[in-house]
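The values are calculated or read from the model by the stated rules, or taken from the named source; none is laboratory data. A quick note: this is a predicted structure, and the numbers were derived from the prediction, not measured. Backbone-built Cβ (ideal geometry, glycine too); neighbour counts: all protein chains shown.
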Amino acid sequence: MTRSEYRLMLWELLNQDVEGLTEEKKVRMVKKTLIDHQIEYHQTLTHRNHRKKWKDEELRVILKDAPTKENCLMYARLFERNYGSIELIYRWAATASRDIPEEYRNNRFIKQIKRIAKEVGWRAT
């Protein structure tokens, strides 16, 4: 299949009516599906910085942005990391210190995330 054939098929699909969805809701569904597809594909790749230490500045950049799937994917690509590691940064930043399980309270990475989260103004510190 050529690119133009693929594009035409995609346009035809996008122009189909979907039961119970307005055009706006259909566009949101397509965007969500595309992001989910990109995340799934990204998970199959080898990531150059997998398991390497995070720099404070990298965490600062991530935590200054909203914790959306789209942003997690963008930063995973940017820092050549796994999508799940970016998601985890947001989850630890959003977890109140008192809610961190005892076995993780002295974890260097979690302490680093909490410190940077506090610097950039996250409330759950």
* Residue check: is Leu59 under 28 Å from Thr33 (Cβ atoms) and not assigned by TED's automatic domain parsing to the domain that holds Arg28? -> no
* Note down all Cβ pairs under 8 Å where the first residue falls in region 99-125 and is more than 16 Å from Leu88 (Cα to Cα) and without any contact (Cβ under 8 Å) to a residue 24 or more places away in the chain, the second is in a loop (DSSP other than H, G, I, E, B) and of a type in the set (Val, Ile, Thr), and they're at least six residues apart or on different chains. => Lys118/Thr125
* Does any residue of region 42-49 turn out to be under 22 Å from Ile110 (Cβ atoms) and modelled with pLDDT under 95? -> yes
* To do: Give the residue, chosen from Tyr75, Tyr83, that is touching a His at 6+ places or on another chain (Cβ under 9 Å), crowded, with 17+ Cβ neighbours inside 10 Å and within 29 Å of Leu14 (Cβ to Cβ).
  => Tyr83
* Could you please give the count of residues in region 5-60 that are loosely packed, with under 11 Cβ neighbours inside 10 Å and of a type in the set (Val, Ile, Thr)? => 4
